[in-house]
Amino acid sequence: MNRFAILFQFPDRCIISAVMVLMTITPADAGIHVRGENLAPVVSPADFAKQLRHLRGYGPPDVTMKGVPTPHRTQFLEKVRLLRANPQLTPDEQADLGGYLLYLKQVNPRIPAFEEAVQVLEPAARANPRHFALAANLGTAYQLTGKLDAAERLLQSAVDLAPEDKREMEELHLRLVQRRLRENLPRGAQPDLDLLFGRAAAPFRFVDQSGQWHYGKLAPVEVQKLPQQSPQTATKQIEQLLVWLPDDGRLHWQLAEWFMVIQQQPFALELYKDSVDTFRLSHPQLKQRRALVQEAMYWKSLKDRWGTSKPPEAWLAQSLGQSIAAAINSNSEPLQLMNIASALPPRKQASDLFAGGDNIGDVPEKPAKPFEIQPWHWALIALGVILAIAMLYWQFSEWYRTLSKPRRT
């Protein structure tokens, strides 16, 4: 099967089934604990994309916000002010205060990001070593400040203290930190996808039966490594990690792969783009997959806009070349045409596909011939040279005449 064909074989009933399964999965709240706040991912992939922007909006305003904090940040700042006004906070309230500060990232510009949460949670956790929320929040704070060894220790305590319904997600968060702590990257190398599922000796990978990445297709042996052997469950767990860590670019890449698996290609493409453009990830595989999915989505859009009239087919034949023209002349089906077209080099931009005009049926004009010097051009050049020499001669003559005049005494 060619590299694009799989994107044209997703029946609507499969997408509906995937969404129905997602609606039945409700992972337990963990990671960052703030009582009274809904920190679980929403159901719809489209709504989750909005939720991610909402969570990132808790941070300090940047130039794109013109220095104006979002209403969500203002709300959390007020809650922090009220908690700090109470000199006798309970352990639960201290955990809440630390959780709010983690989402706000930075309140005092003189204190580095997330350090305010550490300053609140460290003494509270020392005074209450058996408090689950304090251990989980402090472990997350250590992770966000780059102290992965301390984060591993606190998150292990959180796993030990976690109620049964929260333990699985705490274990996944701990596994994320452990994998990153033990990464041994050569200098200049880009970090790969986090291997979060499966055994350490045989981790889950996004590959098909041939052992290659293939637009979200998974080999059965890889599916067996997933929690409940369910891609939908794994997707929701990665979404939950992103709810706690909304600025983690590698988790955005991870979720993009899972959205490809559950047939949510448009949202997967958004996450691929965010990983590269917003979070500046530059792993070659990430960039390659983003380009391939983007190209496939362009082809799918083109196929969806196809009708039965001849102009689109003629346009496609002229723009792609003789290899596909033969298939059109033989009355091939549109999917077969896509299969043939997929063997051609990918376009770099969508505009390349629609360069022929505003309508898909417009046949693009032939490109203009490159500029060539004609004989009459040389005549113009020679005339210009003669005029330039004449002007120089006249200028020097005037200059010499001025110098040769006798000076008056």
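Where in the range 112-208 are the helices (runs of 4 or more DSSP H), entirely inside, with at least 2 residues that are of a type in the set (S, T, N, Q)?
Result: 132-144, 148-161.
Could you count how many residues in the range 233-288 are touching a Pro at 6+ places or on another chain (Cβ under 8 Å), open to solvent by less than 10 Å² (accessible area, probe 1.4 Å) and either farther than 17 Å from Glu170 by Cα or outside any helix (DSSP H, G or I) (or both)?
3
When His173 is evaluated against the numbered criteria (1) at positive phi; (2) open to solvent by less than 20 Å² (accessible area, probe 1.4 Å), which criterion, by number, is the only one it fails?
Every listed condition holds for His173 apart from (1).
Looking only at the range 233-255, how many residues end up being under 16 Å from Tyr215 (Cα atoms) and either in contact (Cβ under 8 Å) with a residue 24 or more places away in the chain or aromatic (Phe, Trp, Tyr) (or both)?
Count: 3.
Those residues that are surrounded by fewer than 22 Cβ atoms within 10 Å (Cβ to Cβ) and either more than 27 Å from the chain's Cα centre (by Cα) or not basic (Lys, Arg) (or both), I need them from the range 133-151; list them, please.
Answer for the range 133-151, where residues must be surrounded by fewer than 22 Cβ atoms within 10 Å (Cβ to Cβ) and either more than 27 Å from the chain's Cα centre (by Cα) or not basic (Lys, Arg) (or both): Leu144, Thr145, Gly146, Leu148, Asp149, Ala150.
Would you confirm, using the coordinates I've provided, whether Ala268 is touching a residue at least 12 places away in the same chain (Cβ under 8 Å), small (Gly, Ala, Ser) and closer than 17 Å to Lys217 by Cβ?
Judged against the criteria, Ala268 is a match.
Would you be able to tell me the number of residues in the range 224-279 that are over 15 Å from Ala49 (Cα atoms) and among the small types (Gly, Ala, Ser)?
Counting residues in the range 224-279 that are over 15 Å from Ala49 (Cα atoms) and among the small types (Gly, Ala, Ser) gives 2.
Restricting to the range 29-40, and then to whatever is open to solvent by 20 Å² or more (accessible area, probe 1.4 Å) and under 20 Å from Pro227 (Cα atoms), can you tell me which residue is modelled with the highest pLDDT?
Ala40
Condition check ((1) surrounded by fewer than 16 Cβ atoms within 10 Å (Cβ to Cβ); (2) within 23 Å of Glu239 (Cβ to Cβ); (3) without any contact (Cβ under 8 Å) to a residue 12 or more places away in the chain) across all residues:
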| residue | (1), (2), (3) |
| --- | --- |
| Lys50 | yes, yes, yes |
| Val68 | yes, no, yes |
| Pro71 | yes, no, yes |
| Arg81 | yes, no, yes |
| Gln88 | yes, no, yes |
| Glu93 | yes, no, yes |
| Gly98 | no, yes, no |
| Lys105 | no, yes, no |
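Within the range 211-218, identify whether any single residue is open to solvent by less than 10 Å² (accessible area, probe 1.4 Å) and under 24 Å from Lys105 (Cβ atoms), and answer yes or no.
The answer is no; no qualifying residue exists.
Please determine, by comparing only the residues of the range 52-66 that are open to solvent by 70 Å² or more (accessible area, probe 1.4 Å) and assigned to a helix (DSSP H, G or I), which one is farthest from Leu271 (Cα to Cα).
Among those that are open to solvent by 70 Å² or more (accessible area, probe 1.4 Å) and assigned to a helix (DSSP H, G or I), it is Val63.
Hey, can you tell me all the residues within the range 209-232 that are over 25 Å from the mean Cα position of the chain (by Cα) and either in a helix (DSSP H, G or I) or within 23 Å of Leu271 (Cα to Cα) (or both)?
Hits for the range 209-232 are Pro220, Val221, Gln228, Gln229.
The values are calculated or read from the model by the stated rules, or taken from the named source; none is laboratory data. What you see is a predicted model, and the numbers here were worked out from it, not measured in a lab. Every residue, glycine as well, gets a Cβ built from its backbone with ideal geometry; the counts of neighbours run over all protein chains shown. What goes into the accessible areas is simple: the full protein's heavy atoms, side chains included, and nothing from ligands, DNA or RNA. Shrake-Rupley method; radii C 1.70, N 1.55, O 1.52, S 1.80 Å.
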